[in-house]
Amino acid sequence: MELLVAIIIGSLTAVGTYLMLRLRTFPVIVGLSLLAYAVNFFLFASGRLMLNSPPLLYVEGPHTDGLPQALTLTAIVIAFGMTAVAVIMALTAYLNGGSDKLDMQNEAPEVTPEERGQ
Amino acid sequence: MSLALIAALPFLGALLPGLMLRAGRNACALATGSVTLLALLGLLSHLPAVLRGEVVQARFEWLPALGLNANFFLDGLGFMFAGLILGIGLLIIIYARFYLSKTDPMDQFYTYLLLFQGAMVGIVLSDNILLLLIFWELTSLSSFLLIGYWKHLPEGRQGARMALTVTGMGGLALIGGMLILGNIAGSYDLTVILENREAIQDSDLYVPALLLILLGAFTKSAQFPFHFWLPHAMAAPTPVSAYLHSATMVKAGLFLMARLWPVLSGTDLWFYLVAGAGLITMTLGAVIALFKDDLKGLLAFSTVSHLGLITMLLGMGTEIAAVVAVFHIINHATFKAALFMTAGIVDHEAHTRDIKRLGGLRLLMPVTFIIGTIAAFSMAGLPPFNGFLSKEMMLHEAAHTSTLFMVMATVAATFSVAYSLRFVFHVFFGPKRDDYPAKPHDPGFGMWAAPALLVVLVILIGLFPKTMAGALVETVSKAVTQAEELPYYSLALWHGVNAALIMSMIAVATGAVLLALHKWLDSAWIATPRPEAKAIFDALLGAITRTATRFTDLLHDGAMSRYLAIFTAACVVIVAGAFFTADYLQGTRPPLPITNASIVGFVAIMVPTIALAFLHRNRYLSLVLMGVVGLILSVIFAYLSAPDLALTQLSVEVVTVILLLLALYFLPKETPRESSPARRWRDGLVGAGAGLGIGALIYALLRREPDNIGWYFLENSYTGGGGTNVVNVILVDFRGFDTFGEIIVLGVAGIAIFAMVATLMRGEGGRRLRAKASEHVKIGDRHPLMMVVATRAVLPIAVMVGIYIFWRGHSFPGGGFIAGLVVAVAVLMQYMASGLEWAQSRQRFAYHGMIAVGILTAAGTGIASWFFGYPFLKSTFGYVTIPPLSKFEVASAMAFDVGVFLTVLGSVMLALAELSRMGRAADPDQPVNTDPMDIVTDGGAIRATSKDS
């Protein structure tokens, strides 16, 4: 089981990193989300894996470690906040700069003649 | 008054000038002055104890684990410096009130000045050397602001930058030196360090520590070869020069050397470095000063020279030399501050500081003339002024050190006489001119009061040294040397005819001749090529900057993907290097068996993940795949005993996908294939490397037995926090402060999104958005009947579920985070089904307000525990039975969870509502239907509104 979890986390990291290295904003955001999954899963797994032993005290023990779960829980929510800010930044860049390329320095915005006319 | 309060007062007072300026410039100066006066009175209240030889202390633990504590102590040395800083500071504040013109922002000036003052007082009162270092850096920063106060002057900006570079660099060296020193002594408290002379001087690290500390002290006190920044800092307003560059900041280096004198001095290295640098600086500064035409330039190099003099005395390492150094610090501060203020008055009234354009001011500015002359004679070392006393004692010490010191000291004294006399004769004597840039006359009383007071001190200390300064010099000297009894010395004008007197007489005679020959000497000086410090500094800085830029450009050329790839690859290489060069121990924790269910989950998450790498150019498809990954992940969380995580992941996944869908409405739907196959291979390799590293890391971790603190929460969450859901109890109780921080971050994210959308809509982007409206694909049915009806029916149920999840959270899976997300999804469905207008018009509370109320509720819960004498966020709980409900538990942490709930709900909704507002703006022509499917009662007749009517 540990091996499977490690492969999942590794694959999420690999694909997330690959997507973050793309040149357009949208794949970068998707890559960021995948990396966030990987990080959250990593954090959670650092409490070691246990089956059928949630950290709920009304259930018979043993219980798994609750602390990584608590930290991961907030991390998931914060990751959403981060993704949301990144999305709005990407949108702002796209609408202001006229292109969704990641690196737009030294490039004039792609303004069409119709747009300029308005 | 507590020492900590004395040090804190200027910092607190720095808030006042900005507020008081509205009440006028006098009120502003008065407020600033009162702060300093208060601190000065507080300091003076300790005078009797200090004179008795006691050490006043104030100690507060700050970060004891790091050895960083807010410990202050006051002995003679600290008292003298703090007195100089606050006393002269007060005079400078009065002087600056009249010096600054109406167009100068006075509030900024006083704010910077008080910040600087606080930092200086902090240095001299700190017992803890880490605290001292913090204040040390603060003086560099605040002096940067003061030197560059006239932001419109390029010299001011460049001078400020040079001062910051040199003193900041020295400050870094000092940090290293002080840490070594603290390490040797085993404590960061000065009082402890000062008792460990043998341990420090015997240590192998004595030499590096000494070199680093001296680097800090020499740069701050403008000692050769770091003397060049001080003249360039003269671009500052004159009150700043008088305060920082004569009386206080440049003496911080001297203070440090005096403070550490008992433990560092006495070795050969100390003597050669400190006395040598002092000797060179003293002579060099005096020679250059004679040829400066700028009044402040002359004074700056004279200051360099006098600082060298004091450094030399400290470097000699004898107790008697230390006494002289102390005495000269007092004397120099009085006459040099007065001289700077005089120079400022001349500049202020004649509109020039160029000595070659001045002269004959004796009759036009009689008061300034008297003040300036007395101070300059003291600087020259003429009797009966205080400068004479300490200069004689210095010459005496130099004569008893070696012939080299005797000769050099006489040369320095000669030039000192020459430039001092030049200050008097070339400015005030000579014929009256008619080409002054402005008509000079004496300024008002307010401006000359401060230098006049200092000059009175110059005379009184000169005539009655024992009465005026005897006790202080003795106490301070004892503090510097840490000696019980000082060797014999006498503060008096007349010591009989001795070597010092003869050297002095030679100096005065030769100095007068030098001044007489000044015209010829000056042309010779101008004709001689000399290294220009600023040019060298600029060239050096330029070379460093160019090298750094070239190196940075290579790695970091502005393309984000490039440096991300370099960063990731570098991490992978470093970690792999560490891994393959060390031994690897196989973990011992037995692995869990691989079940059928786990294989299903594995395949279900791996397929979309891998597919994403290849299919990501179709953006809708990539969003679907991403959503699948997130959903399977939540199932995995549930399978691996984390029900709370599963619920959170599930609800976050829903809002994330909706968010990205909304964003995709504006963005292109396809990603073009832009990168070459080689580049995709490169990125694939980087990604694979990172994945392999992370995967191996977590595998290694999972196969090891945990050594953690998790058991503590399992054992205490019911007894201590009153809940059986350990995760929730940790979130709202044990680690409540963390959670508090997290929801603030989330709230900030929501508000940032709101601000960004508002800015976007106003600017070019908004125009472009509206222009592109026609391109968007429209769906035929904007408010599908089934969806509208279903979502409205579901809303109360969903909210009920949210409340239920919230309520049970403390003891069962659930809680504020999850409840907030669930309710957000429920509300979001109304937006999707019935449209923005319909939903917004029915929404009574602004989402920003919800975030604010949430954070305030959480904070309020935390603060409430203060009233019961508990620390912030300490929670309590009890059990309540309200019929017909069964017995349930109420914890104060639940109020905190309400705050979490509201913040999460507000932030999520704010982010999504703003995006839909953008969508609405992109489509201004679309008819608005504010009541789709609503049953409207209209004059008794009931009709269902048709869509898009």
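Things worth noting here:
- Annotation: residue B:698 fulfils all but one of (1) at the interface with chain A (Cβ under 8 Å from one of its Cβ atoms); (2) over 30 Å from residue B:572 (Cα atoms); the unmet one is (2).
- Set B:93, B:129: member being under 20 Å from residue B:256 (Cβ atoms), in contact with a Gly (Cβ under 8 Å, 6 or more places away or on another chain) and buried (at least 24 other Cβ atoms within 10 Å of the Cβ): B:129
- The lone exception for residue B:931 - which of (1) part of a loop (DSSP other than H, G, I, E, B); (2) open to solvent by less than 70 Å² (accessible area, probe 1.4 Å); (3) at pLDDT 80 or above it fails: (3)
- In the stretch B:721-765, the qualifying residues are those that are charged (D, E, K, R) and more than 33 Å from the chain's Cα centre (by Cα), and the one that is surrounded by the most Cβ atoms within 10 Å (Cβ to Cβ) is B:764.
- Hey, residue B:693 more than 7 Å from every other protein chain (Cβ to nearest Cβ) and either on the phi > 0 side of the Ramachandran plot or aromatic (Phe, Trp, Tyr) (or both) or not: no
- Hits in the stretch B:645-678 (condition: open to solvent by less than 40 Å² (accessible area, probe 1.4 Å) and β-branched (Val, Ile, Thr)): B:648, B:652, B:655, B:656, B:657, B:658, B:671
- When residue B:861 is tested against (1) open to solvent by 30 Å² or more (accessible area, probe 1.4 Å); (2) touching a Gly at 6+ places or on another chain (Cβ under 7 Å), only condition (1) is not met.
- Qualifying position, being over 42 Å from the mean Cα position of the chain (by Cα), at the interface with chain A (Cβ under 7 Å from one of its Cβ atoms) and closer than 30 Å to residue B:619 by Cβ, among B:674, B:670: B:674
Matching residues to (1) open to solvent by less than 40 Å² (accessible area, probe 1.4 Å); (2) within 7 Å of another protein chain (Cβ to nearest Cβ); (3) not hydroxyl-bearing (Ser, Thr, Tyr):
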site	(1), (2), (3)
A:35	no, no, yes
A:61	no, no, yes
A:68	yes, no, yes
A:71	no, no, yes
A:83	yes, yes, no
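- Residue B:208, sole failed condition from (1) over 24 Å from residue B:89 (Cα atoms); (2) within 30 Å of the chain's Cα centre (by Cα); (3) crowded, with 23+ Cβ neighbours inside 10 Å: (3)
- Among the residues listed as B:269, B:284, B:313, B:256, the single one being touching a helix residue (DSSP H, G or I) at 6+ places or on another chain (Cβ under 7 Å), open to solvent by 10 Å² or more (accessible area, probe 1.4 Å), of a type outside the set (Asp, Glu) and farther than 22 Å from residue B:155 by Cα: B:269
- Being polar (S, T, N, Q), free of Cβ contacts under 8 Å to residues at least 12 places away in the same chain and open to solvent by less than 30 Å² (accessible area, probe 1.4 Å) holds for only one residue in B:622, B:634, and it is B:622.
- Some residue of the stretch B:589-604 being open to solvent by less than 60 Å² (accessible area, probe 1.4 Å), under 26 Å from residue A:32 (Cβ atoms), at the interface with chain A (Cβ under 10 Å from one of its Cβ atoms) and in contact with a Phe, Trp or Tyr (Cβ under 6 Å, 6 or more places away or on another chain): no
- Residue check, residue B:820 within 14 Å of chain A (Cβ to nearest Cβ) and either part of a helix (DSSP H, G or I) or at pLDDT below 85 (or both): yes
- Test result for residue B:610, surrounded by 14 or more Cβ atoms within 10 Å (Cβ to Cβ), assigned to a helix (DSSP H, G or I) and outside the structural domain of residue B:821 (by TED's automatic domain parsing): yes
- Scanning the stretch B:292-348 for residues that are acidic (Asp, Glu) and closer than 18 Å to residue B:227 by Cα returns a single hit, B:294.
- Taken over the stretch B:823-846, the criterion of being assigned to a helix (DSSP H, G or I), out of contact with any His (no Cβ under 9 Å at 6 or more places or on another chain) and over 21 Å from residue A:76 (Cα atoms) is satisfied by B:829, B:830, B:831, B:832, B:836, B:837, B:839, B:840, B:841.
The values are calculated or read from the model by the stated rules, or taken from the named source; none is laboratory data. Only a predicted model underlies this, so the values are computations on that prediction, with no experimental measurement involved. Counting neighbours? That spans all protein chains shown, and the Cβs are built from the backbone with ideal geometry, glycine included. All accessible areas refer to the heavy atoms of the entire protein, side chains included, with ligands and DNA or RNA removed. Shrake-Rupley method; radii C 1.70, N 1.55, O 1.52, S 1.80 Å.
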